[in-house]
Ligand SMILES: Cc1cc2nc3c(=O)[nH]c(=O)nc-3n(C[C@H](O)[C@H](O)[C@H](O)COP(=O)(O)OP(=O)(O)OC[C@H]3O[C@@H](n4cnc5c(N)ncnc54)[C@H](O)[C@@H]3O)c2cc1C
């Protein structure tokens, strides 16, 4: 079998996986029903071959899509289990070395797990969580060394995973595929249009939009949520943790400095509740209110999407249903889908195909030129990281945005752009500016550490996916946002007051 390694580019990997898929379709040692299930644009066969003969279950190794319904990866695992006459168990590993994650993120994640367990049970599917051992030892393996042990403990016939385009999680998947001895497929469950179908890095939203929208009739369809025909029974003595307990207990080296935010509750139910409120009460004014940071006017789905507590398809289907009930929502629907489908999936495409997604190396040539010309321009004021982190700048609006992020775990989109652009003005060069922005964004935002963040920072700081503007100091030909004009576009005094009264 052709070897697929961590050092290959995504395009090389895509081509190798395509050759592997073609060979798999012809592999007579694999049951026909399984080969048919692999013929799906969402599926990547990371390790082929026939399921283990002595295997007693199909495992879905849930990482990104943390939900027990409306989940293509779980649906695929159930379909494979039913085809093979085997039960299905979902495995979730509570790892403690997820890059840049802290207590705020883990608390939100933890809140979603009991519902996953319940939703799996309703479908006849098992759910087992194992967390990293207490203490401060950080394992060197892909996230944690436990995974292969679990697959062996439950006697997996095959393993299904989900997809995550970020560097580290993708590396883990490649490595596990190398180490496993049973088939391993991954399913692209957190985008509406399977990300592979865009084939290469998209130059702009205008280029990606028609391609994505053309594919919607095929992919924006209701989920089937099939039930397992063979109910999984937990083997006696199998190590499993209680998902209702704090997953981080006993992790001595774990970063607990960023506290959970009371105002947010993680999990599928909370996501659906907010989604219905948005569709019923807020969608009509979305196009106008989404640019007003002082108003609760956007869907606030981003933390739920980040943790996979809800899938984009569920959201898009709910919005489409709202328009069917009330056709006057069509324009609002178009505006919302432009964010949820075009900008979100363009961000996934950006991280998937752009190896340097978190550094200035990902800038387009025009931006590289203008950055080279202006990166050393004199700055009126330079702030240190602690000054920025503590919202101690001269700019009240910027400070308010920073406070919203630190205390509330979510900053309004309109101010995220302004926030990032000001960091370019206040740090010595764009490389440092990006580092600072990524550090703060990933540390405090509940939706941080996400393709949307890397793309948003690249848009704001490098002009990625944006157009060329008039030349000016520091920014060169990249778009500039001034505090005076930004603050006039909405009730900024009210926003500043709201941010400052957020509980610390
Ligand atoms: C500097 C900067 C940093 C950002 N950091 C993040 C981040 O860490 N995580 C993150 O998910 N998004 C990030 N974004 C994108 C965007 O700001 C958020 O997705 C949005 O504000 C989330 O709020 P919402 O769910 O209410 O959005 P809504 O307006 O209700 O939009 C619905 C969904 O569409 C997607 N979306 C909306 N705007 C964008 C966008 N500009 N780019 C990509 N997807 C979008 C999100 O998934 C969002 O949940 C960043 C943008 C910028 C400019």
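Numbers below:
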quantity: Criterion violated by residue 353 - all others in (1) touching a residue at least 60 places away in the same chain (Cβ under 8 Å); (2) within 28 Å of residue 472 (Cβ to Cβ); (3) touching a helix residue (DSSP H, G or I) at 6+ places or on another chain (Cβ under 8 Å) satisfied; calculated: (2)
quantity: Residue match in the stretch 406-416 (condition: surrounded by fewer than 21 Cβ atoms within 10 Å (Cβ to Cβ), more than 23 Å from residue 292 (Cβ to Cβ) and more than 9 Å from the ligand (Cβ to nearest atom)); calculated: no
quantity: Residue in the stretch 447-465 that is farthest from residue 258 (Cα to Cα), counting only those that are part of a loop (DSSP other than H, G, I, E, B) and near the ligand (Cβ under 6 Å from one of its atoms); calculated: 450
quantity: The listed residue being surrounded by fewer than 21 Cβ atoms within 10 Å (Cβ to Cβ), touching a strand residue (DSSP E or B) at 6+ places or on another chain (Cβ under 7 Å) and not in a loop (DSSP other than H, G, I, E, B), out of 369, 339, 373; calculated: 373
quantity: Among (1) in contact (Cβ under 8 Å) with a residue 40 or more places away in the chain; (2) within 11 Å of the ligand (Cβ to nearest atom) - the single one residue 400 does not satisfy; calculated: (2)
quantity: Qualifying residue in the stretch 305-322 (condition: over 22 Å from residue 215 (Cα atoms), near the ligand (Cβ under 10 Å from one of its atoms), touching a residue at least 24 places away in the same chain (Cβ under 8 Å) and buried (at least 19 other Cβ atoms within 10 Å of the Cβ)); calculated: yes
quantity: Any chance residue 299 is crowded, with 21+ Cβ neighbours inside 10 Å, within 12 Å of the ligand (Cβ to nearest atom) and not in a helix (DSSP H, G or I); calculated: yes
quantity: Check on residue 258, crowded, with 16+ Cβ neighbours inside 10 Å, in contact (Cβ under 8 Å) with a residue 12 or more places away in the chain and assigned to a helix (DSSP H, G or I); calculated: no
quantity: Subset tally (residues that are farther than 16 Å from residue 226 by Cβ and more than 24 Å from the chain's Cα centre (by Cα)) for the stretch 34-46; calculated: 2
quantity: Scan of the stretch 191-227 for residues that are touching a residue at least 24 places away in the same chain (Cβ under 8 Å) and part of a helix (DSSP H, G or I), ordered by number; calculated: 195, 196, 197, 198, 205, 208, 209, 212, 213, 216, 219
quantity: Enumeration of residues in the stretch 67-113 that are at pLDDT 95 or above and under 21 Å from residue 443 (Cβ atoms); calculated: 102, 103, 104, 105, 106, 107, 108, 109, 110, 111, 112
quantity: Qualifying residue in the stretch 267-279 (condition: closer than 25 Å to residue 110 by Cβ, away from the ligand (no atom under 12 Å from the Cβ), assigned to a loop (DSSP other than H, G, I, E, B) and within 22 Å of the chain's Cα centre (by Cα)); calculated: yes
quantity: Of residues in the stretch 48-64 being within 18 Å of the chain's Cα centre (by Cα) and in a loop (DSSP other than H, G, I, E, B), the one surrounded by the most Cβ atoms within 10 Å (Cβ to Cβ); calculated: 62
quantity: Positions within the stretch 482-493 being assigned to a loop (DSSP other than H, G, I, E, B) and either without any contact (Cβ under 8 Å) to a residue 12 or more places away in the chain or buried (at least 17 other Cβ atoms within 10 Å of the Cβ) (or both), in sequence order; calculated: 482, 490
quantity: Filter result (away from the ligand (no atom under 11 Å from the Cβ) and closer than 30 Å to residue 164 by Cα) within the stretch 466-477; calculated: 467
quantity: Residue identified as within 21 Å of residue 448 (Cα to Cα) and not assigned by TED's automatic domain parsing to the domain that holds residue 491 among 235, 303, 327; calculated: 303
quantity: Residue in the stretch 18-45 that is surrounded by the fewest Cβ atoms within 10 Å (Cβ to Cβ), counting only those that are without any contact (Cβ under 8 Å) to a residue 60 or more places away in the chain and touching a strand residue (DSSP E or B) at 6+ places or on another chain (Cβ under 7 Å); calculated: 21
quantity: Pick from the stretch 424-446, criterion crowded, with 23+ Cβ neighbours inside 10 Å and near the ligand (Cβ under 9 Å from one of its atoms), ranking: farthest from the chain's Cα centre (by Cα); calculated: 437
quantity: Filter result (surrounded by fewer than 24 Cβ atoms within 10 Å (Cβ to Cβ) and over 13 Å from residue 248 (Cα atoms)) within the stretch 94-112; calculated: 99, 100
quantity: Some residue of the stretch 329-337 being touching a helix residue (DSSP H, G or I) at 6+ places or on another chain (Cβ under 9 Å) and near the ligand (Cβ under 7 Å from one of its atoms); calculated: yes
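For (1) surrounded by 17 or more Cβ atoms within 10 Å (Cβ to Cβ); (2) out of contact with any strand residue (DSSP E or B) (no Cβ under 6 Å at 6 or more places or on another chain); (3) closer than 20 Å to residue 205 by Cα, each residue gets a yes or a no:
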position	(1), (2), (3)
271	yes, yes, no
278	yes, yes, no
281	no, yes, no
346	yes, yes, yes
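The values are calculated or read from the model by the stated rules, or taken from the named source; none is laboratory data. Everything quoted here is computed from the prediction, not taken from an experiment. Glycine also receives a Cβ, built like all others from the backbone with ideal geometry; neighbour counts cover every protein chain displayed.
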